[in-house]
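J.: I have a structure here, written as structure tokens, and I will follow up with some questions on it.
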Amino acid sequence: MKDKKKLLFVCLGNICRSPAAEGIMKHLVEEAGLENDFFIDSAGTSGWHEGELPDSRMRSHAKKRGYDLNSLSRPVRSQDFDNFDMILAMDDTNYTNLMRQAPSPEAESKIYRMTDFCKKKEADHVPDPYYSGADGFEIVLDILEDACSGLLEEIKTKNRGIL
Ligand code: 4NP
């Protein structure tokens, strides 16, 4: 566990965007044969849906692309800032809330915007799909597939010789 790269994906409810990011990243890491080098989790800035499976719409859109989303929603905890290496916010509100919650400058330095890792998509945030139609969920998956792939490439490059 000590030398694993520990990633925490964060959105508001932890039932749509961040569980999808968790599922996609786990899939990419397994595909690359690197599952023993990573610990991947997700959380919400709110605890509104604590204990719930991801939203059924998110699960069914993800399933069609081969991702099984089975995580249970939980809020971000103060220990997360110690336990994870990178904390990835889906939008600016998530980013601001995480920055407020971060207990130290070192913790703040672990917080990133997910879309900063996009290579193809021009997005500057992952839009909240909760009140959207089917398109909203597809857009989330499109952005997250691009960002997760960019994130994995970045980690592999920076950890050359380790991973
Ligand atoms: P998420 O989406 O932050 O991507 O999990 C949402 C889930 C629930 C709510 C809003 C956004 N909500 O208002 O309950």
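The values are calculated or read from the model by the stated rules, or taken from the named source; none is laboratory data. Keep in mind it's a predicted model, so treat the numbers as computed, not measured. All Cβ positions, even for glycine, are placed from backbone atoms using ideal geometry, and neighbour counts span all protein chains on display. Protein only, heavy atoms only, side chains kept; ligands, DNA and RNA dropped before computing areas. Shrake-Rupley method; radii C 1.70, N 1.55, O 1.52, S 1.80 Å.
J.: Considering only region 1-23, state which residues are near the ligand (Cβ under 9 Å from one of its atoms) and open to solvent by 40 Å² or more (accessible area, probe 1.4 Å).
T.: Residue satisfying the conditions is LEU12 alone.
J.: May I ask you to list the residues in region 96-116 that are over 20 Å from ILE143 (Cβ atoms) and open to solvent by 70 Å² or more (accessible area, probe 1.4 Å)?
T.: ARG100, GLN101, PRO103, PRO105, GLU106, GLU108, SER109
J.: In region 66-95, which residue that is among the acidic types (Asp, Glu) and within 13 Å of the chain's Cα centre (by Cα) is surrounded by the most Cβ atoms within 10 Å (Cβ to Cβ)?
T.: ASP91
J.: Show the residue pairs meeting these rules: Cβ distance below 7 Å; 6+ apart or different chains; first residue within region 35-59 and in contact (Cβ under 8 Å) with a residue 24 or more places away in the chain; second residue more than 14 Å from the ligand (Cβ to nearest atom) and among the acidic types (Asp, Glu).
T.: Sorted first by the residue in region 35-59, then by its partner, the pairs are ALA43/ASP80.
J.: Residues in region 24-65 that are within 11 Å of the ligand (Cβ to nearest atom), more than 18 Å from ALA89 (Cβ to Cβ) and open to solvent by 40 Å² or more (accessible area, probe 1.4 Å): how many?
T.: 2
J.: Suppose we keep only residues that are aliphatic (A, V, I, L, M) and out of contact with any helix residue (DSSP H, G or I) (no Cβ under 7 Å at 6 or more places or on another chain) within region 135-162. Which one would you say is most open to solvent (accessible area, probe 1.4 Å)?
T.: Taking the candidates together, the pick is ILE162.
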